[in-house]
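Asks: Handing you a structure now.
The values are calculated or read from the model by the stated rules, or taken from the named source; none is laboratory data. Just so it is clear, the model here is predicted, and its values are computed rather than measured. Please note: Cβ atoms are built from the backbone with ideal geometry, for glycine as well, and neighbour counts cover all protein chains shown. To get the accessible areas, we keep the full protein, side chains included, count just its heavy atoms, and leave off ligands, DNA and RNA. Shrake-Rupley method; radii C 1.70, N 1.55, O 1.52, S 1.80 Å.
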Amino acid sequence: MKFTLSWLKDHLDTTATLEEISRKLTAIGLEVEGIEDPAATFKGFVVGHVLSAEKHPDADKLQCLVVDTGSEKLKVVCGAPNARAGMKGVFAPAGSHIPGSNITLKKSLIRGQESNGMMCSERELLLSDEHTGIIDLATDAPAGSAAADALGINDPVIEINLTPNRGDCAGVYGIARDLAAAGLGKLKPLKAPAVAGKFKNPVGIVLKDVKACPLFIGRYIKGVKNGPSPKWLQDKLKAVGQKPISALVDITNYATIGLNRPLHVFDADKLKGNIHVRLSKKGENLAALNDKTYELDDDMVVVCDDSGVLGLGGIIGGVSSAVDEKTTNVYIECAYFDPALIAKTGQKLQIDSDARYRFERGIDPAFAATGMEIATQLVLDMCGGEASEVFTAGAAPDITRVIQYTPQRLKQLGGSDLPEGRQKEILASLGFSLSGWAVKTPSWRHDVEGAADIVEEILRIDGYDNIPAAPVMRLPGQKQPSLNPLQKRVIEARHVLAARGLYETVTWSFMDSEKSDLFGAHMNQNKKALTLVNPISADLAVMRPSILSNLIEAAGKNADRGYPDAALFEVGGVYKSPEHDGQLTVATGLRSGNTEQRHWSHPARTTDALDAKADALAVLDAIGVNTASLQITKDAPEWYHPGRSGTLRLGPTVLAYFGEIHPAVLMALKRDEAYTGFEIFLQSVPVPKKKGTRRELLKPSPLQPVLRDVAFVVDKNVEVDKIVRIIKDVDKTLITRVDVFDVYEGKEIGPGKKSVAFAVTLQPIEKTLTLEELADLGVKIISRVTHETGGILRA
């Protein structure tokens, strides 16, 4: 939301400086994002009077000017076709920075002629795109005076970051009201004298859906002359980024920005019959004022006449009834539309307009009648004409509330102990009315719903800095608060993954429906319940069933910009159902590209499923899982490659998935790279049964370990992990490690077979093993593997 300092002072009687106003705005919750002061930007730029203009001796399109800057007469070489003797323009002396071309001027020779600065165009000063000639100022502008004054841009522009609940401050008047309540001046009363109708309104209004449009006020004004708006109005609109169009259109923009009262004007001679406000029908079209044509859907609010759709109510008008320089009769619309319906329509059609911005945040329905009178008077003052009687269809809905409040709530909820009189004073200054301590909200504050909101209003106006600091004291016997097991796992998972070289990300908790289906949402009976009613955008409409899609998108953007090697992770929520236990906390990681870059000592190595497995096991080990007891199965979800993925389990409990992402999923996401990932379900990790230390103390054996190699030929479909477990189970105390160091498939061992070699580490604890004991253990290992897998010892 942008406004100028002078526009604010139209409604606020204050002597506060720009800096004081800026600080107070942020203090009361209207955060200042930036202040543009054109007078400071164009400091040193002055009005230059061109005394003479002669053709350059060595260039056909250049002229040699003599410019009076008020303090001296300087030679300037200029290429503008409209440069002429006697005119006045904006002169930038040597040393000035030209924002439009991003250059700093210096004294120079141009084709052999001295030039001491330049005469500027509007584009060079970022005032517009006009660059056909230099700025032609009024002849009465004093030479040497500040250019910002002559251009009418010496008014600082303030931009605030307006939160969605503060629709009342989407107009300058609402901002002035808040500042006055905060003690920074006095709010000026609005001048809105009733305009007597001179004739009966010839255009009636029919509301066919009073929920979508509870109130519609119309007025006919005949005999207008639609020319340029006055300079003061054009200056205000230009300062906040609006392009002046005509007096009639500029008046609607002025009311929208200044009073938070969107209006629309129709060319009355283009209307066919009466006005009808209804819901659209699928297939209807609107040629809108933004030069785009929209195909409408069901349930969009449309303003129509007997010929069809004229505009989208509360969003944008249509070309068929637009005013222009030939307009002589106008019809003014001042209506109130359902905010939720406006937001839904604007989002569906992707139309951003000043009217939509305000209607969807909620405007003051009770101000509609006053807004019509103000708009009528502005039209009469600027365009002349004669106004009809007002035609009102429907009634302004009462959106006020009565909230039961007690002064003690301020201390309880806000930690501040203001006197009752001061609390009442603040509420009254904001427009709240009190009957005892029953607080009635004003019609422009739909966002105030309960006692906590009343507390917030009092605190922000009195000043958050005035809340006394108080130490947080623990009650007698109260224990130091501690993290629960899940919180500890989240922290530990982040530490481990960061230490393994993955970069943490934070992505949206939403995604579009098609992407969510790729990661299992189509199998979820609760998918509809996880679809947002009012999403931020159409591609963020479903709560995410997995974080992998977001990480793939992030890694893909990096790859598109020349960074193909990705290592990302996020620890956050995924959503399986709307119930309390339907949100899972998952540590998700993704790798792509090379894990080891090429080097003279070794080739590059691309990431694979085993990297994802190693990441997952490292996290599980750190959060207290005995990874040696995990089972690895092949039943990873469908978004993983079926032959290059797995599931880590403790019995029936799934702790993690890992593996390569399915090529079909990547194709649907329009990615050519290969990705491996993992998902660790932190809530599924069992709580350790033992209290105290999470791991047993290390008790190193004084005896030397013994290493024995053994190889088996087994069927190709036998899982190697199964053989590892069989070997470990032979003697869980003595066998401390089983490592696979070779896997071979070839004609020497026959088709459908594979040879797997294992290094078995034996760690004696009490005594050195004898040769007989080693031989006996070897026989047991061979016997168990042969019996349970059908394999044979490879000679």
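Asks: Roughly to the nearest percent, how much of the accessible area of the chain is carbon and sulfur, given a 1.4 Å probe?
Replies: Accessible surface attributable to carbon and sulfur in the chain totals 53 percent.
Asks: Under 9 Å from the Cβ of Val301, count the other residues' Cβ atoms, weight Lys and Arg +1, Asp and Glu -1, and hand me the total.
Replies: Numbers: positive: Arg278; negative: Asp209, Asp299, Asp338.
For residues surrounding Val301, the net value is -2.
Asks: Rounded to whole Å, give me the distance from the Cα center of region 570-601 to that of region 323-387.
Replies: With region 570-601 and region 323-387 each reduced to a Cα centre, they are spaced 49 Å.
Asks: What's the local net charge at Asn201, with K and R +1, D and E -1, over the other residues with C-beta under 13 Å away? Present the calculation step by step, with values, prior to reporting the outcome.
Replies: Details: positive: Lys198, Lys200, Arg219, Lys222; negative: Glu333, Glu386, Glu389.
Net charge around Asn201: +1.
Asks: Using a 10 Å cut-off on Cβ atoms, rank the peptides 614-620, 44-50 from the highest mean neighbour count down. Mind dumping the intermediate values first?
Replies: Values: 614-620: 22.0, 44-50: 23.6.
Answer by packing, highest mean first, reads 44-50, 614-620.
Asks: Rounded if a/c is under 1.5, else prolate if a/b beats b/c, else oblate: with a ≥ b ≥ c from the C-alpha gyration tensor eigenvalues square-rooted, which is region 212-260?
Replies: On the way: a/c = 3.09, a/b = 1.33, b/c = 2.32.
In terms of gyration-tensor shape, oblate.
Asks: To the nearest 500 deg cm²/dmol, what mean residue ellipticity at 222 nm is calculated for the chain from DSSP H runs of n ≥ 4 alone, each contributing -39,500 (n - 2.57), summed and divided by the residues?
Replies: Numbers: 20 runs with 204 residues, N = 795.
About -7500 deg cm²/dmol.
Asks: Glu373: net charge of surrounding residues, Cβ under 12 Å, Lys/Arg +1, Asp/Glu -1, itself excluded?
Replies: Details: positive: Lys191, Arg219, Arg261; negative: none.
Net local charge, Glu373 excluded: +3.
Asks: With Cα Rg over 2.2 N^0.38 Å defined as stated, name the option among [x] 0.94; [y] 1.04; [z] 1.35 computed from the structure displayed.
Replies: Answer label, from the structure shown: [z].
Asks: I'd like the distance separating the alpha-carbon centroids of region 604-649 and region 4-52, in whole Å.
Replies: Each part reduced to its Cα centre gives a spacing of 60 Å.
Asks: Mind ordering 645-652, 767-774, 369-376 by average Cβ neighbours within 10 Å, highest first? All intermediate terms of the calculation are to be shown ahead of the outcome.
Replies: Details: 645-652: 17.2, 767-774: 10.6, 369-376: 21.9.
In decreasing order of mean packing, 645-652, 767-774, 369-376 become 369-376, 645-652, 767-774.
Asks: Residues of region 462-494 with the amide nitrogen closer than 17 Å to a label point 7 Å from the Cα of Val687, along Cα-to-Cβ, please.
Replies: Under 17 Å, as judged by backbone N against the label point of Val687, lie 481-490 of region 462-494.
Asks: Beyond 29 Å between alpha-carbons counts as too far, so tell me which of Lys2/Lys557; Lys55/Lys88; Lys515/Lys753; Lys272/Lys326; Lys107/Lys243 fall in that bin. Walk me through the numbers before you get to the answer.
Replies: Values: Lys2/Lys557 33 Å; Lys55/Lys88 18 Å; Lys515/Lys753 40 Å; Lys272/Lys326 18 Å; Lys107/Lys243 35 Å.
As for pairs spanning more than 29 Å Cα to Cα, those are Lys2/Lys557; Lys515/Lys753; Lys107/Lys243.
Asks: Cα centroid distance between region 217-282 and region 108-148, in Å?
Replies: So the two Cα centres are separated by 34 Å.
Asks: Which peptide among 139-146, 381-388 comes first, and what is the full order, when sorted by highest mean count of other Cβ atoms within 10 Å?
Replies: Working: 139-146: 14.0, 381-388: 18.2.
Ranking, from highest mean packing down: 381-388, 139-146.
Asks: Whose amide H sits under 5 Å from the amide H of Ser145, counting only residues 5 or more places off or on another chain, with H placed in the peptide plane?
Replies: Val47
Asks: Oh, and also: Length gain on complete extension for the stretch Met473 to His580, per 0.36 nm per residue less the alpha carbon to alpha carbon distance?
Replies: Numbers: separation 107, 0.36 × 107 = 38.52 nm, distance 3.21 nm.
In short, 35.3 nm is gained.
Asks: In addition: Along the charge dipole of the chain, pointing to its positive end and built from +1/-1 on Cβ of Lys, Arg, Asp and Glu, which listed residue (Val172, Ala618, Ala375) has its Cα farthest out?
Replies: Ala618
Asks: List the aspartates and glutamates whose alpha-carbon lies under 12 Å from that of Lys728, not counting same-chain residues fewer than 8 positions away?
Replies: Asp739
Asks: Follow-up question, since we're still on this one. Need one word for region 644-726: rounded, prolate or oblate. Basis is the Cα gyration tensor (sqrt eigenvalues a ≥ b ≥ c); a/c below 1.5 gives rounded, then a/b vs b/c decides.
Replies: Working: a/c = 2.49, a/b = 1.39, b/c = 1.80.
Judged from the Cα gyration tensor, region 644-726 comes out oblate (a/c at least 1.5, b/c at or above a/b).
Asks: Karplus couplings for region 412-423 from phi (6.51 cos²θ - 1.76 cosθ + 1.60, θ = phi - 60°), rounded to Hz, Gly and Pro as x?
Replies: Running phi through 6.51 cos²θ - 1.76 cosθ + 1.60 with θ = phi - 60° gives 5, 9, x, x, 10, 10, 7, x, 4, x, 5, 4 Hz.
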